[in-house]
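Just below is one structure, and these are the notes that go with it.
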C-alpha cells in the first residue's frame, strides 16, 4: 500500500482539493505536509482533504492536518475533510475532532461549503 | 531483522496464531498493517474492527520507533491470536518500562485550538480497542490489544 496525493486546484476560487490515496502514517506523513505547504505557498487558502481513497490514517496524519488547518486559519483560510470511511469517522468523533474540522460526505459538498456554491 | 519474519499455527483453543517480527523502522509499518488487515479480514472480522486494530497497532509501533528505538536498531515482535469474534494482538519491545495505561494524556482540545498536532497515538489506541493490557516481563514491555467484533464497539 503506497501513498500518493493528487492536488486538484479549483481555478479562480483559491481552493485546492487534495485527494489522498493509500495510507498515511509516520513513513508517509511528510508527503502530506509537503503538499499542504505547496498549496499554502501557491496562495491557496481553502483546502479540501479528500479521504475517499484513503485506506488508513494514523494520528500522525491528523496531527499534520491540525497544524496546517491552524496555519490556513491564521491567513483567513480554512481546511475541511471529506469522504471519510467508517473507521476514520470513528476516530474523528472519538477524538473530538469534529469541534475543529468540518467534514463533508463528498468533495462537491465540501467545495460548496467552502465557496458558498461557487465552484 | 529485515526482511520481516512471519509464522502461523493453530492454538489449543482453536485460534489462529500469527507471528510477525520486523525491524523497528517506519518502513515496516506498511507490512504490519497489511498482515493484520489480511489476517482479520480472511477470518470474518468487519472492516471497522479490522481498521480499528490496524490503527491501534500502527500507533503503538510508531511510538516504539519514535521513542524506544529512535537511535536505530531493535525489533518489534507482534503475535496475533484470532478466533472470531475476538482478535488479540500482543506486541513486545525491549525498551524502558512504560505503561500506556498510566500515561497522563494532555487535553486535546487546547492543543488543537493552538494548532498543535501530536499526543494522539495512545488516546487513539485506548479509544479503538475494547481492552488494553500491559505487563512488564523481565526486560520486556508486553502490550495486548483486544478487539471484539459484533458488540457495537471497536
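Only the coordinates and a few stated rules stand behind these numbers; no lab work does. Quick caveat, the model's predicted, so the values are computed rather than measured. Every residue, glycine among them, receives a Cβ derived from its backbone with ideal geometry; neighbour counts consider all protein chains shown.
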Can you tell me the 0 to 90 degree angle between the C-alpha axis of helix A:59-74 and the longest principal axis of chain A, rounded to 10?
20 degrees
Who wins for biggest fluctuation among A:107, A:91, A:24 in a Gaussian network model of chain A, springs between alpha carbons below 10 Å?
A:91
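Pull up the DSSP beta bridges for chain A and report the antiparallel fraction as a percent, rounded to 5.
35 percent
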Quick one: of the DSSP bridges fully inside the protein assembly as shown, what percent are antiparallel, nearest 5?
75 percent
Exposure proxy ranking, count of Cβ atoms within 10 Å, fewest first, for B:127, A:32, A:11:
A:11, B:127, A:32
Gyration tensor on Cα atoms of segment B:55-154, a ≥ b ≥ c root eigenvalues, a/c under 1.5 rounded, else prolate if a/b beats b/c, else oblate, says oblate
Cα-based helix-to-principal-axis angle, A:29-41 vs chain A, degrees rounded to 10:
10 degrees
When B:136, B:90 are arranged by how many other beta-carbons sit within 10 Å of their Cβ, fewest first, they go B:136, B:90
Over chain B, calculate the relative contact order: mean separation of alpha carbon pairs under 8 Å at least 6 apart, over the residue count, as a percent.
24 percent
When chain A is treated as a GNM, springs tying every alpha-carbon pair under 10 Å, which of A:90, A:45, A:35 comes out with the largest mean-square fluctuation?
A:90
Arranged by the count of other C-beta atoms within 10 angstrom, fewest first, what order do A:28, B:94 take?
B:94, A:28
Which number do you get for Rg(Cα) / (2.2 N^0.38 Å) in the protein assembly as shown?
1.04
Considering only C-alpha atoms, what is the centroid distance from segment A:1-75 to segment B:10-87, in Å?
27 Å
Of B:16, B:38, B:93, which has the largest mean-square fluctuation in a 10 Å C-alpha GNM of chain B?
B:38
